[in-house]
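Novice: There's a structure below that I have some questions on.
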Amino acid sequence: MKYFEVGTIVNTHGIKGEVKVAVVTDFAKQRFQPGKIVYLQNNQTSPEKVTLKTVRTFKQFYLLSFNEYSDLTAVEHLKQVKILIDENQQAPLAQGDYYYHQIIGLQVIDQQQQSLGKIKEILSPGANDVWVVERSGKADLLLPAIHDVIKKIDIEQHKVEVELLDGLDD
């Protein structure tokens, strides 16, 4: 089964077994609801299936508790553990929308079909995402994910066609 990260436990919270989670999903309200199944992944084991007991927000974090863990002592070992969902839990997206994992790794070509590199990361600094393209022998290329730059995404062919506007590749 394939899993996708939706958050990381950054700390414990209180004595009732709550954990503080830094969320890395655009669908936090749908993902984190009492009764939903998620998976906990540390580097040493296969993902552990758990059920969300309580969910609330706290500043920019989510506070979660799990049916399987009842108190602070039980969750202390979960710090820095990744929270995952399985591929069947991913909601279908609208036409033209993509999950990050579908974009990362795509080959980037310009409109003359010249290879520019491969997308290695997606940044979310503000108004639009920025795709980081790893290039051999050159500094990374930062592409704003806007229609003026991203001309065609072909998941099947594993490539994306872009138009390099003035100033993007200096």
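The values are calculated or read from the model by the stated rules, or taken from the named source; none is laboratory data. On a predicted model such as this, the values are computed, not experimentally measured, just so you know. Every residue, glycine as well, gets a Cβ built from its backbone with ideal geometry; the counts of neighbours run over all protein chains shown. Note: areas computed on protein heavy atoms with side chains; ligands, DNA, RNA excluded. Shrake-Rupley method; radii C 1.70, N 1.55, O 1.52, S 1.80 Å.
Novice: Name the long-range amide H neighbours of VAL6: under 5 Å, sequence gap of 5 or more, or other chain; modelled H, no Pro or chain starts.
Specialist: Amide H to amide H, under 5 Å and 5 or more residues apart or across chains, VAL6 pairs with ILE83, LEU84, ILE85.
Novice: Then there's this: Straight-line reach from LYS159: which lysines have Cα under 24 Å away, leaving out those fewer than 8 places along the same chain?
Specialist: Correct list for LYS159: LYS2, LYS118, LYS120, LYS138, LYS151.
Novice: Place a +1 charge on the Cβ of each Lys and Arg in the stretch 91-143 and a -1 charge on the Cβ of each Asp and Glu, then give the dipole magnitude about the Cα centre in debye, rounded to the nearest 20.
Specialist: Working: 4 positive and 6 negative charges, 35 e Å.
Around 160 debye, computed over the stretch 91-143.
Novice: Using +1 at the C-beta of Lys and Arg and -1 at the C-beta of Asp and Glu, which of GLN157, ALA127, GLY35 has the Cα lying farthest in the positive direction of the dipole of the chain?
Specialist: Checked the options; the winner is GLY35.
Novice: Turning to a different aspect of this structure: Across the stretch 44-115, how large is the tail of the calculated P(r) beyond 16 Å, expressed as a percent of all Cα pairs? If you can, show how the numbers build up before the last one.
Specialist: Numbers: 1787 of 2556 pairs.
It works out to 70 percent of all Cα pairs.
Novice: Amide H to amide H under 5 Å from LYS53: which residues, 5+ apart in sequence or cross-chain, H placed 1.01 Å off N in plane?
Specialist: Hits under the 5 Å cutoff: GLY35, SER65, PHE66, ASN67.
Novice: Return the loop-located GluC sites (Glu not before Pro) in the stretch 141-170 (DSSP other than H, G, I, E, B) with at most 16 other Cβ atoms within 10 Å of their own Cβ; answer none if there are none.
Specialist: Numbers: sites: GLU156, GLU161, GLU163; in loops: GLU156, GLU163.
Answer by residue number: GLU156, GLU163.
Novice: Right, next: Trypsin sites (Lys or Arg not before Pro) within the stretch 66-170: which are DSSP loop residues with at most 16 other Cβ atoms inside 10 Å? Please report the intermediate quantities before stating the final value.
Specialist: Numbers: sites: LYS79, LYS82, LYS118, LYS120, ARG135, LYS138, LYS151, LYS152, LYS159; in loops: LYS79, ARG135, LYS138.
Sparse-neighbourhood loop trypsin sites (Lys or Arg not before Pro): LYS79, ARG135, LYS138.
Novice: What percentages make up the Cα-Cα pair-distance distribution of the stretch 66-162 when the bins are 5 Å wide from 0?
Specialist: Cα pair-distance distribution for the stretch 66-162, in percent: 2, 11, 18, 19, 14, 10, 8, 7, 5, 4, 1, 0.
Novice: Quick one: length gained pulling GLU48 to SER70 fully straight, 0.36 nm per residue minus the C-alpha distance?
Specialist: Numbers: separation 22, 0.36 × 22 = 7.92 nm, distance 1.59 nm.
Result: 6.3 nm gained on full extension.
Novice: Express the C-alpha Rg of the stretch 14-77 as a ratio against the empirical globular expectation 2.2 N^0.38 Å, rounded to two decimals. Don't jump to the answer; show the numbers that get you there.
Specialist: Numbers: Rg = 11.5 Å, N = 64, 2.2 N^0.38 = 10.7 Å.
Expressed relative to 2.2 N^0.38 Å, the Cα Rg reads 1.07.
Novice: Long-range amide H contacts for VAL162: which residues qualify at under 5 Å (H placed 1.01 Å from N, peptide plane, sequence gap of 5 or more or a different chain)?
Specialist: ILE109, ASP110, GLN111, LYS151
Novice: Between GLN95 and HIS147, what is the label-to-label distance in nm when each label sits 7 Å out along the Cα-to-Cβ direction?
Specialist: According to this spin-label approximation, the distance is 1.4 nm.
Novice: Working out 0.36 nm times the residue gap between ALA22 and MET1, then minus their Cα-Cα distance, what length gain in nm do you get to one decimal? Please report the intermediate quantities before stating the final value.
Specialist: On the way: separation 21, 0.36 × 21 = 7.56 nm, distance 2.39 nm.
Extra length available between ALA22 and MET1 comes to 5.2 nm.
Novice: Here's a follow-up. Just from its helices, what would the mean residue ellipticity at 222 nm be for the chain, if runs of 4 or more DSSP H residues each count -39500 (n - 2.57) and the sum is divided by every residue, rounded to the nearest 500 deg cm²/dmol? Mind showing how you got there, number by number?
Specialist: Details: 3 runs with 12 residues, N = 170.
Estimated from H runs of four or more residues: -1000 deg cm²/dmol.
Novice: Using the beta-carbon distance between LYS120 and ASP166 and R0 = 25 Å, what value does 1/(1 + (r/R0)^6) give for FRET efficiency, to the nearest 0.05?
Specialist: Values: r = 24 Å, r/R0 = 0.96.
Step by step, r from the Cβ atoms, then E = 0.55.
Novice: Next question, about the same structure. With only alpha-carbon atoms counted, please give the Rg and Dmax of the chain, in Å.
Specialist: 19.3, 60
Novice: Please give the per residue accessible area of the chain, computed with a probe of 1.4 Å over protein heavy atoms only, in Å².
Specialist: Numbers: 10380 Å² over 170 residues.
That works out to 61 Å² for each residue.
Novice: In the stretch 5-83, which GluC sites (Glu not before Pro) fall in coil by DSSP and have 15 or fewer other Cβ atoms within 10 Å?
Specialist: Numbers: sites: GLU5, GLU18, GLU48, GLU68, GLU76; in loops: GLU68.
Within the stretch 5-83, the qualifying GluC sites (Glu not before Pro) (loop, at most 15 other Cβ atoms within 10 Å) are GLU68.
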